[in-house]
Amino acid sequence: MRVAVIDSGFGMVNYADALSRLRPDTELVLARDPDNMPYGLLPPERISECIVAMAGAAARYRVDAIVVACNTGSMYALEAARARFEPAVPVIGVVPAIRPAGATGRPFAVWATAAATVSDYQTSLIDAFADPSLAHRIPCYGLAEAIDSGDLDRVADAVAAAADATPPDIESVVLGCTHYGLVREQIVAALRARTGVDLTVFDSPEPVARQVLRRLGVDPGGPQRLGAVVAVLESGRPGAMPPVLAAYPAGRDLLDRCDRGEIKA
């Protein structure tokens, strides 16, 4: 099984990691888009163009499925990508885990980019799956960009600012940007200081990975040897995993695979 995982930046790392945990022998094509990030500043039609172009570059490596590991990209480009590549190659998007958070019937926060926070898409998810009075939208200014920089001081500042803006009575948090899972522990610590409790965190890498396996008819498990990362692409060009990924555990795992010769960029 060979899967392409694409995003504007490092949001794809946890999704690649989840695939490898569920099915270690999965071969990966990793694609990010440094020329056009952050997507939140682009018009929807440009986001769609970028995602379809990256998916096309990844598809040249004969992938079996494509994961659009970006909430903004999934919002604006999933339909176009599916029209272009399906049914030959399934395209799986991501959705903020608002539904399970809303099902608790308790107050929760949705941490997301500023653009996603005010989007009709997020509003529709909250209206469909939660009591809007219990859902607190928190724009995390600069957090995704800080994560992509690998600067943990910038990350800490952005996390602290978002935590300060979060009501203290929440009982769970939805990570509404795929980047945020890379700093899950920092987010949990900041919210623990704010609320006094360990909150439930709702995120989507594992559910998305399971959906990939379902779409391809593949069972979890299988051979335990890690599949190769057969290509790393940067805005469609052959590239390499940036060393700053070492700031994050899942990023270190990918870099370690590179050091062991399991990444063939």
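The values are calculated or read from the model by the stated rules, or taken from the named source; none is laboratory data. The model shown is predicted, which means the values in this text are computed figures rather than measured ones. Using ideal geometry, Cβ is built from the backbone for each residue, glycine included, and neighbour counts are taken over all protein chains shown. Accessible surface areas use protein heavy atoms only, side chains included; no ligands, DNA or RNA. Shrake-Rupley method; radii C 1.70, N 1.55, O 1.52, S 1.80 Å.
Observations on the model:
- Nearest 10 degrees, 0 to 90: helix 184-195 Cα axis against the chain principal axis: 0 degrees
- Spatial extent of the stretch 98-202: Rg and Dmax, with the Cα atoms as the point set, Å: 12.8, 37
- The stretch 93-131 and the stretch 190-216: distance between their alpha carbon centers, rounded to Å: 13 Å
- Accessible area per residue for the chain is 42 Å², calculated with a 1.4 Å probe on protein heavy atoms, without ligands, DNA or RNA.
- Here the Kirkwood formula puts the hydrodynamic radius of the stretch 1-125 at 15.1 Å, using every distinct Cα pair.
- Our analysis of the chain gives Rg over Rh at 0.95, with the two radii drawn from alpha carbon positions and Rh computed by the Kirkwood formula.
- Cα-centred dipole magnitude for the chain, charges only on beta-carbon of K, R (+1) and D, E (-1), debye, nearest 20: 740 debye
- Protein-only accessible surface order, largest first, of F129, F10, F202 at 1.4 Å: F129, F202, F10
- The dipole here belongs to the stretch 98-202: it is taken about the Cα centre, uses +1 on the Cβ of Lys and Arg and -1 on the Cβ of Asp and Glu, and is about 240 debye.
- Split the accessible area of the chain by element, probe 1.4 Å, and carbon with sulfur accounts for 51%.
- Positive-end ranking of Y180, A83, V94 along the dipole of the chain, with charges on Cβ about the Cα centre, is headed by A83.
- Relative contact order for the stretch 98-202: 32 percent, from Cα pairs under 8 Å spaced at least 6 residues apart, divided by residue count.
- Rg and Dmax of the stretch 115-265, Cα atoms only, in Å: 18.0, 51
- Acute angle (nearest 10 degrees) that the helix 44-59 long axis makes with the longest principal axis of the chain, alpha-carbon atoms: 40 degrees
- Degrees, to the nearest 10: 249-259 long Cα axis against longest axis of the chain: 20 degrees
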